[in-house]
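Reading through the structure tokens given below for one structure.
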Amino acid sequence: MAVRTQARTRTEKDWLGTRSVPASAYYGIETARALENFPISGLRSPAALVEACVRIKKAAAQANARLGLLGRRKASAIAAACDEILAGGLRGEFVVDVFQMGAGTSFHMNVNEVVANRAEERLGGRRGAYRLIRPHDDVNMSQSTNDVYPTAMRLASLLLLRDRLRPALVGLERSLGRKAREFDRVLKSGRTHLQDAVPIRLGQEFAAYRGALARSREAVDLAARPLRELGIGGSAVGTGLNTHPAFAALVVRRLAAETGLRLVVAGDRVEAMQSLGPFAGLSASLRNLALELNRIANDLRLLASGPRTGLAEIRLPAVAPGSSIMPGKTNPSLLEMLNQVCYQAMGCDLAVAAAVQAGELELNVMMPVVAYNLLWMMDIMANAVRVVAARAIDGIEADRQRCRAYAEASPGLATALSPLIGYAAAAEVAREAIRTGTSIADVVLGRGLLAPAELRRVLDPSAMTRPGIPALGPGSRAGSRRTSSRRTRGRRRP
């Protein structure tokens, strides 16, 4: 395959002709052609995809050796080259642009060539010679881009979820849970439609954030389960041409042992090759996670707005000066970053969805777009969540006095009067309080609707944050209009 070597380049040959390849490169002619053909974005395939593909190469070589199809010496050299890459070596050799030949063929051959050349060296050969190890015949034995690339996508997604995104999400849940416990006695005004509502505890709000995040994480885990079914061994169109009948099971077993993932051979490898539906499902669950994260970030930004003219119920850690012109200003910078990441994730999901529906007959050639966007969104969300938990959530403080003042001033307190005086009369009390700028309690006392002691019990904001009917007394869970009427009989109604 290699024709001659010069000081700075070597010449390699394929069935299309010859090309010069940098003499120091571990990649070969097909990668060189890809560099010529696809100078598009400067973006490279995610490291997780490279590692997943290399794991497949190692498992395939070992399986082929066990089946007697590949010499043990060759298989050992290929496995050793793969281990070197998995340990962090040769990472600069994976140079193909994200936007490349359909189905990821260019990327796949980049991996085959790098592994082959390093294995060749390990056997005492010369880089680019391909006399001892060949990219197609040895490294790619029993494989096709069409089954390797989607299998690598599945492995990369599962590993990135397990090792990075899930731990980051669990960490954020724990941070929110700690704040929920810390703020459980902090009374504040609830808000609906961004208007004053009945009281709530700040801890209840944070507990709800934690719960929403946990539910989203569980949905992501559920969506990822179909990715455990691997189509490796399907070769070109899923039928398994040029593969040993036992090859697929051996490869999957080795991949499971290497990664600790619960992997199985796909029941229908033709379907596994035709459809990228499981990736769309995972992407959609990540989009929904982004929606929840975005909502929570927006809420925290609102609660921290101020410090003098906003809600200012919580204080975020100051991580950097917030203005190039206004001295002393700080911003919710980490939450704004999380917003941006969430918007990007939503865009990635749209790209994934469009590419997934583009499959034709036995193959979806748009896999590189799916792989890049899916893995990138998982990576940036994991990074963002981890940073926000450590540098924003863990340092949140509550302005307890301000929260309490809002709760006691809220016209929503009139809600507790309804069982005693009825909805319409309570609405009149609330309207007068808003119109005059006085408190609900002052209006009730001014109208002589309740005695001071009973008023303090009925309008206790803390009692309003638990199930019950404050107007009917401690521990009440239900009541009737008849009871309410007896309690208010003889009192002047507005």
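Within the stretch 390-405, does at least one residue satisfy the condition of being in a loop (DSSP other than H, G, I, E, B) and modelled with pLDDT under 95?
Scanning the stretch 390-405, I find no residue that is in a loop (DSSP other than H, G, I, E, B) and modelled with pLDDT under 95, so the answer is no.
Give T31, T11, T105 a once-over and let me know the one that is modelled with pLDDT under 95 and not assigned by TED's automatic domain parsing to the domain that holds R254. Write out each step before concluding.
Working: T31 fails: modelled with pLDDT under 95; T105 fails: modelled with pLDDT under 95.
Exactly one of T31, T11, T105 is modelled with pLDDT under 95 and not assigned by TED's automatic domain parsing to the domain that holds R254, namely T11.
Among (1) within 29 Å of A212 (Cα to Cα); (2) more than 14 Å from the chain's Cα centre (by Cα); (3) surrounded by 14 or more Cβ atoms within 10 Å (Cβ to Cβ), where does L289 come up short?
Among (1) within 29 Å of A212 (Cα to Cα); (2) more than 14 Å from the chain's Cα centre (by Cα); (3) surrounded by 14 or more Cβ atoms within 10 Å (Cβ to Cβ), the lone unmet condition for L289 is (2).
Is it the case, given these coordinates, that A65 is surrounded by 21 or more Cβ atoms within 10 Å (Cβ to Cβ), aliphatic (A, V, I, L, M), assigned to a helix (DSSP H, G or I) and modelled with pLDDT of 95 or more? First the steps, then the outcome.
Details: surrounded by 21 or more Cβ atoms within 10 Å (Cβ to Cβ): no; aliphatic (A, V, I, L, M): yes; assigned to a helix (DSSP H, G or I): yes; modelled with pLDDT of 95 or more: yes.
No.
Do the conditions hold for V186, that is, is it in contact (Cβ under 8 Å) with a residue 40 or more places away in the chain, in contact with a strand residue (DSSP E or B) (Cβ under 7 Å, 6 or more places away or on another chain), under 30 Å from L302 (Cβ atoms) and of a type outside the set (F, W, Y)?
yes
Of everything in the stretch 311-340 that's of a type in the set (A, V, I, L, M) and in a loop (DSSP other than H, G, I, E, B), which residue is surrounded by the fewest Cβ atoms within 10 Å (Cβ to Cβ)? Break it down into steps so the answer makes sense when it comes.
Step one: of the stretch 311-340, the residues of a type in the set (A, V, I, L, M) are 311-312, 314, 316, 318-320, 325-326, 334-335, 337-338.
Keeping just the survivors that are in a loop (DSSP other than H, G, I, E, B) gives 311-312, 316, 318-320, 325-326.
On the way: L311: 19, A312: 16, L316: 21, A318: 13, V319: 15, A320: 8, I325: 5, M326: 8.
The extreme case among them is I325.
Run down A224, A214 and say which single residue is at pLDDT 95 or above, closer than 30 Å to R400 by Cβ and either in the same structural domain as A358 (by TED's automatic domain parsing) or of a type in the set (D, E, K, R) (or both).
One residue alone meets the criteria, A214.
Please state which of the following conditions T243 fails to meet, knowing it meets all the rest: (1) in contact with a helix residue (DSSP H, G or I) (Cβ under 7 Å, 6 or more places away or on another chain); (2) outside any helix (DSSP H, G or I); (3) polar (S, T, N, Q).
Among (1) in contact with a helix residue (DSSP H, G or I) (Cβ under 7 Å, 6 or more places away or on another chain); (2) outside any helix (DSSP H, G or I); (3) polar (S, T, N, Q), the lone unmet condition for T243 is (1).
Being touching a residue at least 40 places away in the same chain (Cβ under 8 Å) and surrounded by fewer than 21 Cβ atoms within 10 Å (Cβ to Cβ) is the filter here, so list the residues in the stretch 142-166 that pass it. First the steps, then the outcome.
In the first step, residues of the stretch 142-166 are kept if they are touching a residue at least 40 places away in the same chain (Cβ under 8 Å); the result is 142-162, 164-166.
Within the stretch 142-166, L159, R162, R164, R166 qualify.
Answer with yes or no whether G128 is crowded, with 24+ Cβ neighbours inside 10 Å and not assigned by TED's automatic domain parsing to the domain that holds A224. Step through it out loud before you land on a result.
On the way: crowded, with 24+ Cβ neighbours inside 10 Å: yes; not assigned by TED's automatic domain parsing to the domain that holds A224: yes.
So G128 passes the test.
Output the residues belonging to the stretch 364-421 that are under 13 Å from V341 (Cα atoms) and in contact with a Gly (Cβ under 7 Å, 6 or more places away or on another chain).
Across the stretch 364-421, the qualifying residue is only R386.
Here are the criteria: (1) in contact (Cβ under 8 Å) with a residue 12 or more places away in the chain; (2) surrounded by fewer than 16 Cβ atoms within 10 Å (Cβ to Cβ); (3) under 30 Å from N298 (Cβ atoms). Tell me which single one G437 does not satisfy.
All conditions pass for G437, except number (1).
Only residues that are in contact (Cβ under 8 Å) with a residue 12 or more places away in the chain and of a type in the set (A, V, I, L, M): list them for the stretch 315-335, please.
L316, A318, V319, A320, L334, L335
Of the residues A312, A345, A354, which single one is touching a residue at least 40 places away in the same chain (Cβ under 8 Å) and within 26 Å of A223 (Cα to Cα)?
A345
Select from the stretch 64-107 the residues that are of a type outside the set (G, A, S), under 22 Å from M273 (Cα atoms) and within 26 Å of the chain's Cα centre (by Cα) and list them in ascending order.
Selection gives V98, F99, Q100, F107.
The values are calculated or read from the model by the stated rules, or taken from the named source; none is laboratory data. Source: prediction; values computed, not measured. With ideal geometry, Cβ positions are generated from the backbone for all residues, glycine too; neighbour counts draw on all protein chains shown.
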